[in-house]
Amino acid sequence: MNRGFRSGFVAVVGRPNVGKSTLLNALIGHKVAIVSNKPQTTRNTIQCVLTRDDAQIVFLDTPGIHKPLHKLGEYMVKSAFHALDDVDLVLWLVEMGKWTPADEHILRELAEVKQPVCLVANKADQINGEEQERFLREMTLRRDFAFVLGISAVEGTNLPALVQSIVDGLEEGPQYYPEDWITDHPERFVIAEFIREELLVRTEEEIPHSIAVDVDEIKEDPQQNLMRIRATIYVERDSQKGIVIGKSGQMLKEVGTGARLQIERLLGVRVYLELWVKVKKDWRNKPGALREFGYE
């Protein structure tokens, strides 16, 4: 172990759509979590790693904490709180200038947490300086935080200060993962998430949460110098299948093109992506289906 080297595990919590995945992608410098303007984008606890010469931070990006409406929602909330069990520090993300009943609920839930809790107010670019200061002062009265900081994940404001504050809050420890290691998820998971993100961007309201993606096959084709990937998009109703495919298959084609470009950037090779759409009725309430799609 390097003398003076600090390391630890940091859980990132917060209500849906507050910018957790955007923040982690900005901190890591690689895309490891999908981002959309729709709440509850993250379904699994994603582990990603930031390594410096003097420290290593292992982040757990938790699903947004919300009142669950179905079995998938219950899994997501349970997953979020389970991530707090073995961490060194909790990073709680709220929206600058906006305190909601959901935040109040999380405050109560965090009352039992013994690890240091840091409060980070995101989207500082949307509020003027005076309002920012007033909001942060109010936050310091709500509980004893390890530190309180305003940031903008989109613009990068105060991100170096955030990383340094986290490192300062960690104890000396080993480098858990190699320097070039950024996530513990296999390629299949990340590819499925890229496809799901393209669907989230293009579909409306309820449909995104009815979607699951399963990567059926990843096969190298040395003769063509490309990677062949076959994936199935699952929806809950026949009407949703029609929307995902689109008129003359246009929606599915756009999703495939967007996902393929992301996958090619990830893998550094040309990709042939084949997408299929199937109906698996009411899958979000079926434990067997949740296990099949990796939610258990």
| field | Built amide H within the under 5 Å cut-off of Arg270, gap 5+ | value | Met227
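For Ser239 and Asp53 in the same chain, what is the full-extension length gain: residue separation times 0.36 nm, less their Cα-Cα distance, in nm?
On the way: separation 186, 0.36 × 186 = 66.96 nm, distance 5.24 nm.
That pair, Ser239 and Asp53, stretches by 61.7 nm at full extension.
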| Considering only segment 208-284, percent of DSSP beta bridges that pair antiparallel, nearest 5 | 45 percent
| query | Using θ = phi - 60° and the Karplus curve 6.51 cos²θ - 1.76 cosθ + 1.60, what whole-Hz ³J(HN,Hα) does each residue of segment 172-178 get, with Gly and Pro shown as x? | reply | 4, x, x, 7, 6, 10, x
| Karplus-derived HN-Hα couplings along segment 214-230 (A = 6.51, B = -1.76, C = 1.60, θ = phi - 60°), whole Hz, x at Gly and Pro | 10, 7, 7, 7, 10, 9, 6, 10, x, 5, 8, 6, 8, 10, 9, 10, 10
| In terms of modelled amide H atoms, which long-range or inter-chain residues lie less than 5 Å from the amide H of Asn17? | Gln40, Thr41
| said: Just to confirm my numbers, what's the Cα centroid distance between segment 100-125 and segment 238-265 in Å? | reply: 37 Å
| request: Could I have the simple spin-label model distance between Glu109 and Val163, label points 7 Å from Cα toward Cβ, reported in nm to one decimal? | output: 2.9 nm
| message | For Leu89, what residues show an amide H to amide H distance below 5 Å, using hydrogens built from the backbone and excluding near sequence neighbours? | response | Phe9, Ala11
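Rule-based calculations on the coordinates, nothing more; no lab input. The shown structure was predicted, so the numbers you read here are calculated from the model rather than taken from an experiment. As a convention, Cβ positions derive from the backbone with ideal geometry for all residues, glycine included, and neighbour counts pool all protein chains shown.
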